[in-house]
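Below is one structure; the comments refer to it alone.
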Amino acid sequence: MIRINENYLKLKASYLFSDIAKRVTAFTTANPDKPVIRLGIGDVTEPLPQVCIDALKSGAEELANRATFKGYGPEQGYAFLRDLIAQHDYKARGAAIEADEIFVSDGSKCDCGNIQEIFATEGLKLAIPDPVYPVYVDTNVMAGRTGANLDGRYAGITYLESTPANGYVPAIPPVATDLIYLCFPNNPTGAVATREQLTAWVAYAKANRAIILFDSAYEAYIRDPKIPHSIYEIEGARDVAIEFRSFSKTAGFTGTRCAYTVVPKSLVAYDQAGNAHPVHALWNRRHTTKFNGVSYPVQKAAAAIYSDAGKAQVKAMTDFYLANAALIREAVKKLGFSCIGGDNAPYIWVNTGTDSWAFFDKLLNEAQVVCTPGAGFGKCGEGHVRISAFNSRENVEKALTRIAAALK
Ligand code: MLT
């Protein structure tokens, strides 16, 4: 008899953004004359930077020619892209990361979800922020690292609470944990972590022989020069951290698909007998077994953002979304809500003080604006909603006018 992985039965029936999509589809089907503005899922709306379009085209042309045609590429990514990443995203910031420590992939969601597979299932102590991008929790539930969900919390997880009281940056837990998820700039709150805060996390991970999984998919939105873009800007982090980065929000690649994960060669994890093993070798084994690389034209397009023109175009695009974010922040404050984010991140986390799904429904039904209910990101997300700055200026302005009218 074929049997299922019963851990899946512990999950909420569907993924947060699928739940939201269902409600939006039900609304638009019932109200075809009421166009909806989507400030929910963080999906980009602006066209790819011109340098990326040019590189995609020339990459495709190379595939049209026998002399330059390419079949399978290296699973870890082409050297031309890994070299540029190491140089511009790390060495230029004083972070000692080598090109062969970078694994190019088709997305940070997949990498964040897949990475846990190389660590033990039994007895591993997890520390996961709340609220948080749901993939971190759900993939560990699927793997069987948690107990049942009781009252919105899975047994076996140390939740790192982000609340108004701590400025939405969680404190280091008073207990030892082994696998720690951190995301800065944060999804969903938009909060950032200071150098001092990250230094304390690195020291905690070292003291506990733990590993930090650092998701910095939104680093291109950091404007405060004091805020680190990478955990490897912190001394010693390469011995305790894996970092996830993506071209999705940096350069509009949500549909084009390209990301990377950094696994330093000095990072180790232990077997049951306490022997240390390099994590790089394990991830390389997993990656080469289960992944065949990102397409050549897409890697060419990603590489194009590191040219001078590419950097300027990425800056213009992220500045554009941050200007949307500033409008949202201002409008939300005018309505009397407190909020954070939007200054170094494309998300604004609004403290509504009310049931977050009810607030979501109100905005959908009365303003035809989609946000993301905070409860979908965890228990501490209740009483909040996330508003995304990813949309056209026209739509953001229209949405803010409609929200103001609905909440009058
Ligand atoms: C979000 O809205 O949280 C993100 O777009 C989801 C993702 O990046 O997968």
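Ligands, DNA and RNA excluded, the heavy atoms of Asp271 present near 60 Å² of accessible surface to a 1.4 Å solvent probe.
Seen through its C-alpha gyration tensor, with square-root eigenvalues sorted a ≥ b ≥ c, region 231-324 comes out prolate because a/c lies at 1.5 or above while a/b is bigger than b/c. Between the residues Ala325, Thr158, Ala259, the greatest Cα displacement towards the positive end of the dipole of the chain, with unit charges on the Cβ of Lys, Arg, Asp and Glu, is found for Ala325. Under the rule a/c < 1.5 gives rounded, and otherwise a/b versus b/c splits prolate from oblate, where does region 148-189 land using the Cα gyration tensor? Prolate, because a/c is 1.5 or more and a/b exceeds b/c.
Answer rounded, prolate or oblate for region 369-408, using the Cα gyration tensor with square roots of eigenvalues a ≥ b ≥ c: rounded when a/c is under 1.5, else prolate when a/b is larger than b/c, else oblate.
Oblate, because a/c is 1.5 or more while a/b does not exceed b/c.
Protein heavy-atom accessible surface, 1.4 Å probe, per residue over region 53-304: 40 Å².
Report in % the part of the accessible area of the chain that belongs to carbon and sulfur, leaving out ligands and nucleic acids; probe 1.4 Å. Carbon plus sulfur share of accessible area: 55 percent. Counting only DSSP beta bridges whose two residues both lie in region 121-254, roughly 10 percent are antiparallel. Per residue, the average separation of C-alpha pairs within less than 8 Å and at least 6 apart gives region 53-304 a relative contact order of 26 percent. A viscosity of 0.692 mPa s and a temperature of 37 °C, combined with the Kirkwood radius over Cα pairs in Stokes-Einstein, give a translational diffusion coefficient for region 1-154 of 161 µm²/s. Basic side chains Lys and Arg get +1 at the Cβ, acidic Asp and Glu get -1 at the Cβ, and with that the dipole of the chain about its Cα centre reaches some 460 debye.
Restricting to the chain, what percent of DSSP beta bridges are antiparallel, rounded to 5? Let's see the in-between values first.
Working: 24 of 42 bridges.
Of the beta bridges lying entirely in the chain, close to 55 percent run antiparallel.
In this calculation the C-beta distance from Glu6 to Phe69 is compared with R0 = 51 Å, giving a FRET efficiency of 0.65.
Using a 1.4 Å probe and counting only protein heavy atoms, arrange Ile41, Ile234 so the residue with the most accessible area comes first.
Accessible-area ranking of Ile41, Ile234, largest first: Ile41, Ile234.
Based on DSSP H runs of at least 4 residues, each adding -39500 (n - 2.57), what is the mean residue ellipticity at 222 nm of the chain after dividing by all its residues, to the nearest 500 deg cm²/dmol?
Calculated from helices alone, the mean residue ellipticity at 222 nm is -10500 deg cm²/dmol.
Across the alpha-carbon atoms of the chain, the computed radius of gyration and Dmax are 21.3, 65 angstrom.
The values are calculated or read from the model by the stated rules, or taken from the named source; none is laboratory data. This is a predicted model, so every value here is computed, not measured. Cβ: placed from backbone, ideal geometry, glycine included. Neighbour counts: every protein chain shown. Side chains included, ligands, DNA and RNA excluded: accessible areas come from the protein's heavy atoms. Shrake-Rupley method; radii C 1.70, N 1.55, O 1.52, S 1.80 Å.
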